[in-house]
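What follows is a set of notes on a single structure, which appears directly below.
What follows is calculated from the coordinates using simple rules that are stated; it is not laboratory data. Bear in mind that the values here come from a model prediction, so they are computed numbers and not experimental data. Note: ideal-geometry Cβ built from the backbone for every residue, glycine included; neighbour counts use all protein chains shown.
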């Protein structure tokens, strides 16, 4: 990856993995179910090819989006392919209509999970970096993966080169749900984070 | 005969038999210019309204409405298209997220993209034939050059012609 050393890439991977582990713990507390995760796979991809990393631009997904404010600004998008989103809705809001595009309860369930996962992911990142990092209230979209992610990238006025995509399979009460966590740092923010982790330079 | 993907900030040309495709447009805009007689055409995948917003000093011309429209026009004309025979269609410009609360970021890029592309079409004397823009849903925009068929795909609905 342009401008990043192997050590920096490894550090980003490690930090993302720990963040995802903490998110899984939070999910377990929320659902009161055993939650296991597979080892998170962190990739650093270019914004223009992020669709491929999410299983295709036209993959239908439910996504939660928060802006990260504080000492290192960025954007955090959690993406669940629609099938996985249905399983989450069943767990959090049993009996709800499974259509998060139209059903308010289903949307709330996705928003709640987005809130819990992004907060715990960021808390973990904040602990490791000793930076003050806070999420805004999540916004929800149910649509093509490409449409959602490119809109977040466009909002930064920049095709950012460093976009961290972490893929994890969650196993919640025996149901397997694949999910993606995409962290898009604002220009300069990645450097701040890497410096705080002692791998700046 | 090729399926030509037009990625974010790209401009791509096609000849009869080709299909130009912009996958998963959100706030971005897919703009197609196609010669209705020779079926030579091109598509731009426009990301932002205005190149004065550029942080990078040397951005791709397809990235901004004000540079993408003239560049796309130049390229299709250079490829043999005739200006008076151009079919001009566009899709995209949605607002994918709505935010609540006082910290709500101003996410009006979709509508500003639409506005600026319209303005650029006017300035370049191009008449819009059809559009499917705005709203809060994503779109895939395809142009089958042979058939002069313009297709919009959205989640949860069958594909429709534009």
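Note on chain B: with a GNM built from Cα contacts shorter than 10 Å, the maximum mean-square fluctuation among B:37, B:133, B:87 falls on B:37. Neighbour counts of C-beta atoms inside 10 Å place A:181, B:28 in the sequence A:181, B:28, starting with the fewest. Among rounded, prolate and oblate, which fits region A:65-149 when a ≥ b ≥ c are the square roots of the eigenvalues of its C-alpha gyration tensor, a/c under 1.5 means rounded, and a/b larger than b/c means prolate? It is prolate, given that a/c is not under 1.5 and a/b is the larger ratio. For chain A, modelled as a Gaussian network with Cα springs under 10 Å, which listed residue fluctuates most, A:53, A:173, A:24? Comparing A:53, A:173, A:24 in a Gaussian network model of chain A, the most mobile one is A:173.
For region A:102-167, just say rounded, prolate or oblate: build the C-alpha gyration tensor, square-root its eigenvalues into a ≥ b ≥ c, call rounded for a/c under 1.5, and beyond that prolate if a/b exceeds b/c, oblate if not. Walk me through the intermediate numbers first.
Numbers: a/c = 2.25, a/b = 1.14, b/c = 1.97.
Oblate.
The calculated P(r) of the protein assembly as shown, using every Cα pair and 20 Å bins from 0, goes 30, 53, 16, 0 in percent. Here the Gaussian network model covers chain A, with springs between Cα atoms less than 10 Å apart; of A:30, A:76, A:163, A:30 fluctuates the most. When a/c is below 1.5 the answer is rounded, else prolate if a/b is larger than b/c, else oblate, so apply that to region A:6-62 with a ≥ b ≥ c taken from the square roots of the Cα gyration tensor eigenvalues. Because a/c hits 1.5 or more and a/b fails to exceed b/c, region A:6-62 counts as oblate.
Kirkwood's formula applied to the C-alpha pairs of region A:77-201 gives a hydrodynamic radius of 15.9 angstrom.
Overall shape of chain B was characterised from the C-alpha gyration tensor. The equivalent ellipsoid obtained from it has semi-axes of 26, 19, 13 Å, in decreasing order.
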